[in-house]
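We did not get these values from a lab; they are worked out from the coordinates using the rules stated. All values reported here derive from a predicted model rather than from experimental measurement. All Cβ positions, glycine included, derive from the backbone under ideal geometry; neighbour counts span all protein chains shown.
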Amino acid sequence: MNRQRMLQQLTATSEWDICIIGGGATGLGTALDAASRGYKTLLLEQHDFAKGTSSRSTKLVHGGVRYLQQGNIKLVLEALRERGLLLKNAPHLAHNQQFVVPNYKWWEKPFYGIGLKIYDKMAGRLGLGPSRLLSKEEILELAPTLDPEDLRGGVLYHDGQFDDARLAISIAQTAATHGAALLNYFPVKALLKMQQKVYGVWAIDTLSGKEYEIRSKVVINATGVFTDQIMKMDDPAHERMISPSQGIHIVVDEEFLPGKTAIMIPRTDDGRVLFAVPWHNKIVLGTTDTPVDTIHEEPVPLQEEIDFIIRHIGRYLSRDPQKKDIKSMFAGLRPLVKGNQKTTAALSRDHLISVSETGLISITGGKWTTYRKMAEDVVNIAISKSGLPEKKCITYDMMLYGHDKPLPAFSIEGMSDETLNNCIKMAVTEEMCMTVEDFLSRRTRQLLLDARVAKEAARKTAEYMAVHLQQPDEWINEQVSIFNTLANQYLPI
Ligand SMILES: Cc1cc2nc3c(=O)[nH]c(=O)nc-3n(C[C@H](O)[C@H](O)[C@H](O)COP(=O)(O)OP(=O)(O)OC[C@H]3O[C@@H](n4cnc5c(N)ncnc54)[C@H](O)[C@@H]3O)c2cc1C
């Protein structure tokens, strides 16, 4: 996956079959689905791949125990099937994760025990292992830092865990192997229209400043919380349908939860789900659900959200995390759909697909776990609405790029200069890594794992990148300054 080659492919193609706006889980999955069916596929991302919500998840591949509580059986069945497929198709980036639900009240053990047995059964042959009841001693053996006071025991169950931004790159690389062109730093600024029909997009390569008019038989809007902005380009009278909701995570050292077992608190006293999950030798704590009015590319955790997580997780751990223990924190925006009468809901599961009168197809909602099914659904709709020749989806058991290669580096802590330089070279030449942020936040996960370590590494990273990208000294200084300003937002004040 090389940007120069992608640009050549762009200029050599007079008309695409499918052009996708947005390079998060949904857009990348759609590009892979479309390209692997044999359609001429282009994806344009305004920033870096997975810069948006798709690098800021809780990193769980899950059926959604919460949806089960709400009785949404169909949704859970679909997500459990996709969970199983993802673990099979991306074994290098997703794995079986053991969770415990601690019980402090007498009714919790039978209640969650039965619920999780149903969850197991629903997964069928794609199940990850049986759930079982735990005594107090057994749960403390698995999660020794759980607060033992009033602890009655717990329930053990299995879900999946993954690396979201690395999976995004792996999907992009798989799509490229199937002939898709994918470009980051390429925002769509307008839709091309003739006789009230969308026939392409107008986009800018922000790295060169060059503008492009791109023709495509179908345009798919997969821009997450930015969905309304593209729909407004299509119809200036479009009424907002996305209500963004922010979720934050705090990352602390593994001493707060040593071992490989994660904790799931199904219901805090104000009714939320809380997780403490081991991830790349750190612990991710989260999340929150805060409605927000404005959409930022780089949302910032609110003080009340940080306090909420620290306060609530502290109730379940024998040692409460403090502000000074925070290694990093990150916020993401959920694109919750309000609904809008003007759009045609062609399909509504957890995700919503709409087709406008001009032919623009928009897909939003869903979750990372179900990205493959969402992509299959939206490409099926694209085929039926555009008259493209029908071809079957083939991603069901498609192994994703990298499954047979050495694992990528998730952290650069303690890395030798030579290894760092090699990682950077590979990220630049094969993964379209264009900035220091791309490398430290999404090609590796250093910014999310420990923002201070990431800041310390920024200059060296910029210097090595400048060699591989043939950038001047001013670029190095500019990149370091931009990155340090960003990294400060990942640390508490
Ligand atoms: C706090 C939180 C925790 C979550 N945890 C989980 C989890 O554990 N498991 C799970 O399965 N799901 C989880 N999810 C849900 C999951 O992360 C999202 O469903 C998924 O990432 C959405 O992907 P997307 O591609 O639709 O949106 P995004 O990732 O936001 O991608 C949209 C992309 O469109 C680009 N874009 C916007 N406008 C333009 C334009 N004009 N031109 C070009 N590009 C443009 C943006 O830059 C962005 O990269 C979580 C979500 C949140 C918020």
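Its residues counted as N, segment 75-218 yields a C-alpha radius of gyration over 2.2 N^0.38 Å of 1.63. Altogether, the Stokes-Einstein calculation at 20 °C and 1.002 mPa s, with the Kirkwood radius of segment 417-488 over Cα pairs as Rh, returns a diffusion coefficient of 183 µm²/s. What does the helix-only formula give at 222 nm for the chain: each DSSP H stretch with n ≥ 4 adding -39500 (n - 2.57), the total divided by the residues, and the result rounded to the nearest 500 deg cm²/dmol? Dividing the helical sum by the residues of the chain leaves -11000 deg cm²/dmol. Here the scattering of segment 354-493 is modelled by Debye summation over its C-alpha atoms, one equal scatterer each and no solvent; at q = 0.11, 0.12, 0.13, 0.17 Å⁻¹ the log10 of I(q)/I(0) is -0.61, -0.69, -0.75, -0.92. Compared with the dominant Cα axis of the chain, that is its longest principal axis, helix 3-12 is turned about 40°.
If you average the alpha carbon positions of segment 431-493 and of segment 196-226, how far apart do those two centres end up, in angstrom? Distance between centres, Cα-based: 28 Å.
A dipole drawn for the chain from +1 and -1 charges on Cβ atoms has a positive end, and of 29, 19, 76 the residue lying farthest that way is 76. Note on the chain: Rg/Rh from Cα positions, Kirkwood definition for Rh, rounded to two decimals, is 0.96. Straight-distance candidates among the aspartates and glutamates for linking to residue 105, with alpha-carbon spacing under 12 Å and chain neighbours fewer than 8 residues away dropped: 149, 150.
Here segment 276-303 and segment 55-124 have alpha carbon centers that stand 21 Å from each other. Shape of segment 361-432 from its Cα gyration tensor (a ≥ b ≥ c, root eigenvalues): rounded if a/c is under 1.5, otherwise prolate when a/b > b/c, or oblate? The shape class here is prolate.
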